[in-house]
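Student: Dropping the structure in here first, questions after.
The values are calculated or read from the model by the stated rules, or taken from the named source; none is laboratory data. This structure is a prediction, so every number in the text was calculated from the model and none was measured. When we count neighbours, we look across all protein chains shown, and the Cβ atoms used for this are built from the backbone with ideal geometry, even at glycine.
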Amino acid sequence: MAFPIHRLRRLRSHPQMRRLIRDVSLSVDHLAYPLFVRSGKGIRKEVSSMPGIFQLSMDQVLKEMDEIAKLSIPAVLLFGVPDSKDEKGSGAYAAAGIVQKALKAIKKEFPEILLMTDVCLCSYTSHGHCGIIKNPKSEIRNPKLNVDNDSTLPLLQKIAVSHAEAGADLVAPSGMMDGMVQAIREALDNKNFESLPIMAYSAKYASSFYGPFRDAAESLPQFGNRKSYQMDFQTGDEALREVSLDIDEGADVVMVKPALAYLDIIRAVKENFDIPLAAYHVSGEYSMVKAAAQKGWIKERDVITEILSASLRAGADILITYWAKEVARSLR
Ligand code: PBG
């Protein structure tokens, strides 16, 4: 006698049956697309380690936004690539900074799209770190790297307020400074931006998957690494403590980053907290899939769908991904 087919398999045989019993399905609704804005005109500079992703001058950003609007992608996450850097990252909170200018221009033409901004200093500081470093010279060989948390907070407040004033709809502090969410909440409330939400990069790991992004945002640390403020990937439960602190400080959305190698963390956050959760599918995830696809080793579209579905299954609500346009196109 043949072994009888199990009902689980019986339900798998018809494609429409499979559709009916899905737990998750990828839709454009959950996607946010990162954009890198730089100065100049007519510039579309491809990031060498991220084929298909560009640093864009303002006019090109508006063109890109047109495509994003047509694809019904709900949100973009803006990063600035400034012309000059200094020790205090002053370009990050200049009223006429690159992101501030972009926000104004985009808001005017595309008021329907949610504008998220990354609130951090690393692309704007000469040393490339996410906070103030009091004596950069003495830190060059210091494995413990002193980033001055408390003198960084007022600068993060300034960045967030300047983004809000320029038209941001959500601010996303990514520097892993302690107290940054509370500091930003207070600063926004003081300027009457009580209704502007904060998406905290709460469980942000010190990850080698950020490599290509640092080409895109030109934010490679000039010495040391980010391990004294970003999380150690050999820890798990600590992510829950980070998330819990950020929620207490007023985060409206929390984030796990990277996503693909951190599905356990996404799941744990989902199970432990009742708050919208974002997963950032970071540059290295994008680039390794791209590279394999370019070699003809994998089918890009199928792999993307599989990876992003895994994130949804794990519990993510918002998917921040460089694949947003590809996904939106494939769902049409
Ligand atoms: C800035 C920031 C980083 C990313 C997003 N915001 C880089 C970093 O911490 O070095 C990484 C995004 C990516 O790799 O796609 N702090």
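Student: Could you check how many residues of the stretch 1-48 are of a type in the set (S, T, N, Q) and closer than 21 Å to residue 124 by Cα?
Tutor: Total meeting the criteria: 2.
Student: Now for a separate question. State which residue is surrounded by the most Cβ atoms within 10 Å (Cβ to Cβ) when the search covers only the stretch 17-59 and only residues that are more than 15 Å from residue 98 (Cα to Cα) and of a type in the set (Phe, Trp, Tyr).
Tutor: Looking at residues that are more than 15 Å from residue 98 (Cα to Cα) and of a type in the set (Phe, Trp, Tyr), I get 33.
Student: Across the stretch 294-329, which residue is farthest from the ligand (Cβ to nearest atom) among those that are buried (at least 19 other Cβ atoms within 10 Å of the Cβ), in contact (Cβ under 8 Å) with a residue 60 or more places away in the chain and over 18 Å from residue 47 (Cβ atoms)?
Tutor: Once the filter is applied, the top-ranked residue is 328.
Student: Now a separate question. Does the stretch 185-194 include one or more residues that are in a helix (DSSP H, G or I), in contact (Cβ under 8 Å) with a residue 60 or more places away in the chain and either under 24 Å from residue 75 (Cα atoms) or of a type outside the set (A, V, I, L, M) (or both)?
Tutor: yes
Student: So, one more: Could you count how many residues in the stretch 201-228 are more than 7 Å from the ligand (Cβ to nearest atom), closer than 11 Å to residue 282 by Cα and part of a helix (DSSP H, G or I)?
Tutor: 2
Student: Among 332, 241, which is in a helix (DSSP H, G or I) and loosely packed, with under 15 Cβ neighbours inside 10 Å?
Tutor: 241
Student: Tell me, which residue of the stretch 121-155 that is in contact with a strand residue (DSSP E or B) (Cβ under 6 Å, 6 or more places away or on another chain) and in a helix (DSSP H, G or I) is farthest from the ligand (Cβ to nearest atom)?
Tutor: This residue is 151.
Student: Residue 280 - would you say it is part of a helix (DSSP H, G or I) and within 15 Å of the ligand (Cβ to nearest atom)?
Tutor: no
Student: Right, here's the next one. Sort through 332, 267, 313 and tell me the only one that's modelled with pLDDT under 95 and over 15 Å from residue 172 (Cα atoms).
Tutor: Result: 332 is the single residue among 332, 267, 313 that is modelled with pLDDT under 95 and over 15 Å from residue 172 (Cα atoms).
Student: Could you figure out which of (1) surrounded by fewer than 16 Cβ atoms within 10 Å (Cβ to Cβ); (2) touching an Asp or Glu at 6+ places or on another chain (Cβ under 9 Å) isn't true of residue 248?
Tutor: That leaves (2) as the condition not met.
Student: Also, I was wondering about something else. Within the stretch 252-259, identify whether any single residue is farther than 30 Å from residue 143 by Cβ and either more than 16 Å from the ligand (Cβ to nearest atom) or in a loop (DSSP other than H, G, I, E, B) (or both), and answer yes or no.
Tutor: yes
Student: Hey, among the residues in the stretch 76-93 that are part of a strand (DSSP E or B) and touching a helix residue (DSSP H, G or I) at 6+ places or on another chain (Cβ under 9 Å), which one's surrounded by the most Cβ atoms within 10 Å (Cβ to Cβ)?
Tutor: This residue is 80.
Student: Still on this model: Do we find a residue being in a strand (DSSP E or B), buried (at least 22 other Cβ atoms within 10 Å of the Cβ) and in contact with a helix residue (DSSP H, G or I) (Cβ under 8 Å, 6 or more places away or on another chain) anywhere in the stretch 285-293?
Tutor: no
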